[in-house]
Amino acid sequence: MKHWWVSLAVRERYTLLVGAFFVLGALGYAILWRPLDRGITLNRVRVTQLKSDLQWMQAAAAKMRSLQASGQGHRVAVPGPLAVAVDASVRQHGLEKAVTRLEVQGKGTVGVSLSSVGFDALLRWLGDLQRQGIAIGRLDLTPVGLGRVHGTLRLVRAGPR
């Protein structure tokens with residue numbers, strides 16, 4: 001290789017060095033700089049999206065607290081099995097398509113899985129359940145679009161106040 005290099009004319013050596021410099025520069029850009037720049041851009045977009053989600057969740061939490069405060073003294077216990085009361089309430093609020101699973105998890109406990117339900121409709125439904133003496137034992141929600149959520153919840157019969 002050294003013999004070949006020495007056998008080249010000065011102009012050829014210079015051309016090869018300049019070409020190698022450009023090739024190394026292009027490889028450095030393609031392998032290092034471009035992925036880093038793309039990652040930074042994607043992270044900025046993600047941070048903006050997460051800030052938006054946080055604002056939405058804070059507003060939703062405030063709305064949930066106000067609904068909870070407004071319905072505290074108006075409980076009407078619904079007799080019968082909890083699953084039947086929850087199912088009737090789901091139908092009354094028109095959430096049949098959003099409820100993907102409703103199952104009895106134990107005595108006085110029902111699990112509900114929701115898919116792409118409007119958050120406002122969910123809050124109205126949960127407020128109605130609370131007025132019927134049904135409490136939320138656990139609630140996990142994930143925003144999936146503007147004002148829509150997926151989630152799971154566990155409902156229990158609320159004790160007397």
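If the condition is being in contact (Cβ under 8 Å) with a residue 12 or more places away in the chain and out of contact with any Gly (no Cβ under 9 Å at 6 or more places or on another chain), then segment 145-158 contributes GLY145, HIS150, GLY151. Just to be sure before I move on: is THR142 free of Cβ contacts under 8 Å to residues at least 12 places away in the same chain, surrounded by fewer than 16 Cβ atoms within 10 Å (Cβ to Cβ) and within 20 Å of ALA61 (Cα to Cα) in the structure I sent? Judged against the criteria, THR142 is a match. Restricting LYS51, LYS97 to those that are among the basic types (Lys, Arg) and under 16 Å from the mean Cα position of the chain (by Cα) reduces the list to LYS51. Among the residues of segment 138-158, the one identified as under 12 Å from VAL110 (Cα atoms) and modelled with pLDDT under 90 is ARG157. Can you find a residue in segment 72-80 that is of a type in the set (Gly, Ala, Ser) and at pLDDT 90 or above? The answer is no, given that none of the residues of segment 72-80 is of a type in the set (Gly, Ala, Ser) and at pLDDT 90 or above. Tally time: how many residues in segment 102-116 are crowded, with 17+ Cβ neighbours inside 10 Å and modelled with pLDDT under 90? Result for segment 102-116: 0. Put simply, of GLY19, GLY39, GLY25, GLY80 the only residue that is over 22 Å from ASP140 (Cβ atoms), open to solvent by less than 100 Å² (accessible area, probe 1.4 Å) and outside any helix (DSSP H, G or I) is GLY80.
Looking across segment 1-16, the residues that are surrounded by 10 or more Cβ atoms within 10 Å (Cβ to Cβ) and either within 30 Å of THR142 (Cα to Cα) or charged (D, E, K, R) (or both) come down to GLU12, ARG13.
The values are calculated or read from the model by the stated rules, or taken from the named source; none is laboratory data. No experiment lies behind these values; they were computed from the predicted model shown. Heads up, the Cβs are rebuilt from the backbone with ideal geometry, glycines too, and the neighbour counts pull from every protein chain shown. Surface areas here come from the heavy atoms of the whole protein model, side chains and all, with no ligands, DNA or RNA. Shrake-Rupley method; radii C 1.70, N 1.55, O 1.52, S 1.80 Å.
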